[in-house]
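Novice: To start, I am sharing the structure in question, which I have written as structure tokens.
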Amino acid sequence: MSKLLAGRYELIEKIGEGGMAVVYKGKDRLLNRYVAVKILRPEFTKDAQFIENFKRESQAAAGLQHPNIVSVYDVGKEGNIHFIVMELIDGRPLSDIISERAPLDYKQAIEITRQVASALSLAHRNNIIHRDVKPHNIMITRDGIAKLADFGIAKAVSDSTLVTETSRVIGSVHYFSPEQARGSYVDERSDIYSLGIVLYEMLTGQVPFDGDNPVQVALMHINDDIVPPSKLVPGIPPALEKLVMKATDKFQSNRYKNADELLEDLQNIEFVTKMVGDSVFAASDVEEFQEMNRKKHSEVDFVEEKPKKKKKKKGNGKKKIVIAAIAGVIAVIAVVIGILYAFGVIGGGIEVPNLVGMTTEEAEAELNELGLKMEVGEEVPSDEIEEGLIASQTPDEGETVEEGDTVTVMLSSGKPTGQVPSLVGRPYDEDSIRALLEASNYQLGSVTYQESDAEEGEIINQDPGAGTEAEEGTSVNVVVSKGTDKRTVPTLVGLSVDEAKQAIVDAGFTVGSISYAESTVYKQNIVMEQQYDAGEKLEEGTKINIVVSKGEPEVVTPPEETDPGTGEGGGDTETGGDEEGSTS
């Protein structure tokens, strides 16, 4: 192919495509460099709001300069083609690597996640939320560098995309946060959730939720618990699993507050793995860790308690070396035990009780008895927990903490409520309408039909109305147009009389009276008025009257006045009278 965009970007070959765009390898003739050109699919270019959002978000992303972000060079339009010019990456999408090699080594998974989190950290500091973090949007270069792409496109997609354009988002819905699936408020913690799902897939080779259709998967994100990755793949470090579960918590308030917090934990885990090695940290459960440490302790004790042999003085140097070696081993083991203890792998500590369903007073009293503190977090909706009682907690029940640590509790705000989605104007298809409502946690109620000027099958009314706040599970009733037998009045003004007559008959009506009137606007024999407005609905066979132009009115010149006595034209009569009077 050989197409030139904006007189500058030569398209060489197609190198990829997704639900929203097609990607080409191109060459920037001005700067003489190869680039990637992403062209939006035509169906998206028809939505003016989408295009506006797309341009604004892409231009903002162009300002992000980071080694783990695919650079955006240009955003442009030629005719009806909207495109982004980006850095051309010599590598492959993470989705391909996962497909071929997952489960990945947990160290590699940590490193990739760390790089993407670093990219998100910069974006979030610039108030840019990605909204579509997934393996398809993460490129891995030949040097192993992860680069996050497609800032801006996801923000531009309309709220209806999940259901009305399911074929486009089927790859993304597996990484949607619960709040995205609900159509609720999205912030930086939504990106963290999606990145947590990507990490889960790298570690296990599968996404936590999968189903027959996107709506089903979205509902799983909202309602179902994630199976801990160690249940699927043994050898995942407990601290890493804890990180995954925190990043993918269903409640935003329980996740990492920002990408920097996530980065800090990832770096701590990297440090621990370097200190203790694979054989220790990759053990599948706490008992293995504890058993290994008991063995290490017994080995050290054995060495220390060996009966001392008398040696000649010349052996004092060797003795000092042995003692120093033993001391070094003890020091290393002490560091290892300290780190493992800090990460909750071994050791005692205080086990967090279950506080769900308690009042804040009851929970605080129980925590105080254990030497722990309590902090009240944000309110969260709950189907099961009564309003005002504790709905969830962090850390969870059974986790080990130290004396003086704080347990954060989230109070129930009662049964979840949301805004009823807009159905009016949509074509009624039971499956798609039911799916749209279920994605927002509502149900399809009664369906009635009535005659209407709207197209047959179009939803013309709903109850509760669009935007109404209602409890989840509420039934939404709809009224569907049966259409009408009425015909639509055609545009007649501007047609000739014969054309207008034919148009009336073709539309199913009858020609009524035809009257004529003068006009300085319409030429002769052109229809200048019609009885009913164009587009109006009337019963078939209705007579339609029209008014036709006779052309401009004829201009009449008044005749010259004459003298009654002589028949000749007179002069000034008044003056003549004066003259006669003067001679008498």
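Novice: Please list, ordered by chain and number, the residues whose modelled amide H lies under 5 Å from the amide H of residue 519; skip anything fewer than 5 residues away on the same chain.
Specialist: For residue 519, the qualifying residues are 550, 551, 552.
Novice: Something else now. Given a 1.4 Å probe, how much area per residue of region 408-463 is accessible, in Å²? Show your work: numbers first, answer last.
Specialist: Values: 2890 Å² over 56 residues.
Heavy-atom SASA per residue in region 408-463 reads 52 Å².
Novice: Using alpha-carbon pairs under 8 Å, 6+ residues apart, how would you state the relative contact order of region 7-47 in percent?
Specialist: 34 percent.
Novice: Cross-link list 27/134; 246/373; 501/543; 3/25; 134/242; 3/38: which exceed 18 angstrom alpha carbon to alpha carbon?
Specialist: Long pairs (Cα-Cα over 18 Å): 27/134; 246/373; 134/242.
Novice: A follow-up question, please. So what's the Cα pair-distance distribution over region 1-136, bin width 5 Å, in %?
Specialist: 2, 9, 17, 20, 20, 16, 10, 4, 2, 0
Novice: If you plug each phi of region 390-402 into the Karplus form 6.51 cos²θ - 1.76 cosθ + 1.60 with θ = phi - 60°, what whole-Hz ³J(HN,Hα) values come out, in order, with x for Gly and Pro?
Specialist: These are the phi-based 3J(HN,Hα) values: 6, 9, 7, 8, 9, x, 6, 4, x, 6, 9, 10, 9 Hz.
Novice: Can you list the residues, at least 5 places off or on another chain, whose amide H is less than 5 Å from the amide H of residue 536, using H built in the peptide plane?
Specialist: 489
Novice: OK, next. Can you send over the carbon and sulfur percentage of the accessible area for region 344-422, probe radius 1.4 Å, protein chains only?
Specialist: With neighbouring chains kept in place, the figure for region 344-422 is 40 percent.
Novice: Please work out the Kirkwood hydrodynamic radius for region 490-547, using every pair of different C-alpha atoms, and report it in angstroms with one decimal place.
Specialist: Evaluated over region 490-547, this radius sits at 11.4 Å.
Novice: If you plug each phi of region 364-376 into the Karplus form 6.51 cos²θ - 1.76 cosθ + 1.60 with θ = phi - 60°, what whole-Hz ³J(HN,Hα) values come out, in order, with x for Gly and Pro?
Specialist: For region 364-376, the Karplus-derived couplings read 5, 5, 5, 5, 4, 5, 8, x, 10, 9, 10, 10, 8 Hz, x marking Gly and Pro.
Novice: Can you send over the carbon and sulfur percentage of the accessible area for region 54-113, probe radius 1.4 Å, protein chains only?
Specialist: The C+S portion of the solvent-accessible surface of region 54-113 is 45 percent.
The values are calculated or read from the model by the stated rules, or taken from the named source; none is laboratory data. What you see is a predicted model; the values in this text were computed from it and never measured. Each accessible area value is taken on the protein alone, full model and side chains, heavy atoms only, with ligands, DNA and RNA left out. Shrake-Rupley method; radii C 1.70, N 1.55, O 1.52, S 1.80 Å.
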